[in-house]
Every structure is written in structure tokens, then in C-alpha cells.
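Step one of this worksheet: look at the structure below.
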Amino acid sequence: MENGITKKQSAILQGIAVWMLVYHHMYSYTETYNSLLPFIQVAVVQRIGWFCKVCVGIFAFVSGYGLYHVMNRKPAERFFGRMIEEYRYVLVRILRLYGKLWLVILIFKGIDFLILGRQFAAEELWGNLTAFQPTWNGAWWYVEQYAKMLLALPFLDLLLTRFERPEEKKKWIFFLSLAGVALIGILLSPVLYELLLAAAKGMRPSFFLIFIAGYIISRYGLYQRIDKLLRRGGAWLSVCMSVILVCAAIAVRVLSATDAAWGELDFLLVPVLAYGMLTLLDYIKPLSAFLAWWGDQSTYIWLIHIFFIGWLFQFVSRQVRLDILVYLAMMLFSVIAAILLKGVETGIQKGASRLFKKNVKYT
């Protein structure tokens, strides 16, 4: 951690998160559970599932952490020029995610409607295409959340970035004018206040704060400073401290969670968990490589795993034991489908690129 979180370490965290994600959706609300181990019954499984909700915070934290490095590469000579570049980047990133979502809808809902014979409700199409009302897959709510966080981040980045004096003046004129207009609007119109309050709640502050925490920790190199301080006492001090931090964070979250959706303290617990887990995994190279590989597949697993869980409960659950082997089977089916989807996406991109080059050639 002396250089902060690397790209591989980001993938490791995403790998951990995606294993938690599938477990959370399989077992957080289960009322029955048949285990091969007598001491692991429904109450224990549910509590583990509740804890695994922290996966959302891990995804948000990794995104915020990595985006600082992307933003930091944007030109800082002109305030409005940097703003345009940052929004150009985040819009492209959002569209790429929506492209993955639409590919999943095309294939998996095609299976649902054309093969499994489920009824198509046209009024639900727009809400699922935009992820504003994802009735076809509950895990898609985070697509909208991710888009909102990305759209908000350039404001924070621009506010914290120092420009040369003329551009710095433009920055403060812009932000003070924006704040002034908002304040006047709130004073003159209670409706605007309600709208702003609804917008703030719509950001889901508990997850947005984790995203911001990742950005701030990355921007100011807090992990590097902590790691440097701990390593003065020797490598074993950082290892021992990491074990304590991970255990403490897990204990606090397990004891504090009141239901499967609880996450009020995750903006404090996730950075602690992330630091501790990465420090420990740095000494377990094979496991790190394994998790990093899963992290590379995590986006499509997130978008599709609910379909496999739904099909399991609809068609298979009466014939199988809802035990660890079923969970591993869900992970296997999800990752195979994710790899195939990545191949389809790559093929579409290559085909579109060739078509574009051909059109340019003949124009």
C-alpha cells in the first residue's frame, strides 16, 4: 500500500465485492436453508448476507478512488476547459455502462420473454432501460446511483483543484454564483427547496459518502501516509494492525446492522476494511490473483446474477439443497455468462469500428 491502491488491487476489491454481492442476494432474505453443517442455519446465513451488503460500498469506494487518478490527468490550465474534459469523460463512462446494461436486457430478457414465455409489459421498458425503475432486475438500481455519483464528482474535483490566479478567480465566481442562485431560489420558492431535498435523498447519501471517501483518500494519499507510518514499526506491525482493523470493522458492522439494507456506517467502515484486506492479501499472492480475475468479470456478474438466482428459485430450488455448493454453482454460471457477454461486447465494438472506418473511407 506504499503506492496507494493499484489497478490490480482495485480489481481484488471488486472480486471480493462480487462474491459478497451474490451471497447477499441469495441468502439475506431466505426463510429456509438446508446446510451440510449443523451449526450454519438460517439465522447465521442471514446475518452473513446482511454483512455482505458492504459490497455496494466497496464498489463505490473503488470507483471514487480510481476516478481521482483519471481526473488528475485532465488539463488544469483552464477552469471551464477542465470542466468540459471531465464531463466528457464521465458521460462516456456512463454510456459504456448503459451499453452493457442494454446488452444484458437484450439477451436475458429475450430469454425470459421468448423462451420462458414471461409476459412483456411495455410500460416497464423505459424504467428498466434507464434503470430508474428496474423491475426486471433489482440489482440494477446501482446503475442510476453510479451515474449520479459520476455526474456530481467533477464539481468536487474542480472545487478542490487549484488553478492559476485568473482561472482560480473564475472558479470561485462560478461556484459562488451557483450557490447564490440556489440560495435565492430556496428563499423565494419552497418548491425548489423540496426538489433539492429530494435530489439529495435520491443520491443515497450513505453510498455517495463512500464514493467521496474513496476520492478524498486517493487525492490526499491517506493510505500511503498510514502505510508509511505503520511500516516504521516493521512489516509485522502493519499486518497486525490490519488484522485488528478488519476484525473490528466486521464486528461493528455485524453488531450494528438492523436489516439486509443497512449501511449507515459503511462510509467509515469500508475504507478501513479495504486497507486491512489489501494489506493482508499482499502476502497471499495466489488468492490475490484469483480475486483480481473475478474483479475483472464483476460488472457483468453484477448485472446478470439475479437472473440465475431467479431461475434457481423458480425451476430448481425444490430439487437442491440451498447450501454452499448451490452458491458456488451460481457464481460459476454467472462468471461463464459474464465472459461470454464480454466476448459479445468486444465483437460488437470491433464490428462497429470496422463499419465506421469503412464509412470514413468512402466519404
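The values are calculated or read from the model by the stated rules, or taken from the named source; none is laboratory data. Treat the numbers as computed from the prediction; the structure is a model and nothing was measured. Virtual Cβ from ideal backbone geometry, glycine too; neighbours counted across all protein chains shown. Each accessible area value is taken on the protein alone, full model and side chains, heavy atoms only, with ligands, DNA and RNA left out. Shrake-Rupley method; radii C 1.70, N 1.55, O 1.52, S 1.80 Å.
Taking the options Leu328, Leu280, name whichever one is open to solvent by 20 Å² or more (accessible area, probe 1.4 Å) and either acidic (Asp, Glu) or free of Cβ contacts under 8 Å to residues at least 24 places away in the same chain (or both).
When all the criteria are applied, what remains is Leu328.
Counting only residues that are open to solvent by 20 Å² or more (accessible area, probe 1.4 Å) and aromatic (Phe, Trp, Tyr), which one in segment 122-141 is nearest to Ala179 (Cα to Cα)?
Phe132
Which residue out of Gln314, Gln319 is closer than 22 Å to Phe113 by Cα and at pLDDT below 85?
Only one candidate qualifies: Gln314.
Scan Arg82, Arg47 and give me the residue that is in a helix (DSSP H, G or I) and modelled with pLDDT of 90 or more.
Arg82 is the lone residue from the list that is in a helix (DSSP H, G or I) and modelled with pLDDT of 90 or more.
Does segment 77-110 hold any residues that are without any contact (Cβ under 8 Å) to a residue 24 or more places away in the chain and more than 20 Å from the chain's Cα centre (by Cα), and which are they?
Gly81, Ile84, Glu85, Arg88, Leu106, Gly110, listed by residue number.
Could you please let me know if Asp266 is over 22 Å from Phe113 (Cβ atoms), buried (at least 20 other Cβ atoms within 10 Å of the Cβ), modelled with pLDDT of 90 or more and touching a helix residue (DSSP H, G or I) at 6+ places or on another chain (Cβ under 6 Å)?
yes
I'd like to check which helices (runs of 4 or more DSSP H) are fully inside segment 127-238 and have at least 1 residues that are of a type in the set (Asp, Glu) and more than 28 Å from Phe59 (Cα to Cα).
Filter on segment 127-238 gives 165-188, 190-202.
Inside segment 4-18, can you point out the residues that are part of a helix (DSSP H, G or I) and touching a helix residue (DSSP H, G or I) at 6+ places or on another chain (Cβ under 7 Å)?
Within segment 4-18, Lys8, Gln9, Ser10, Ala11, Ile12, Leu13, Gln14, Gly15, Ile16, Ala17, Val18 meet the criteria.
Would you check which residues across segment 40-64 are more than 20 Å from Ile210 (Cα to Cα) and among the hydrophobic types (A, V, I, L, M, F, W, C) and list them?
Across segment 40-64, the qualifying residues are Ile40, Val42, Ala43, Val44, Val45, Ile48.
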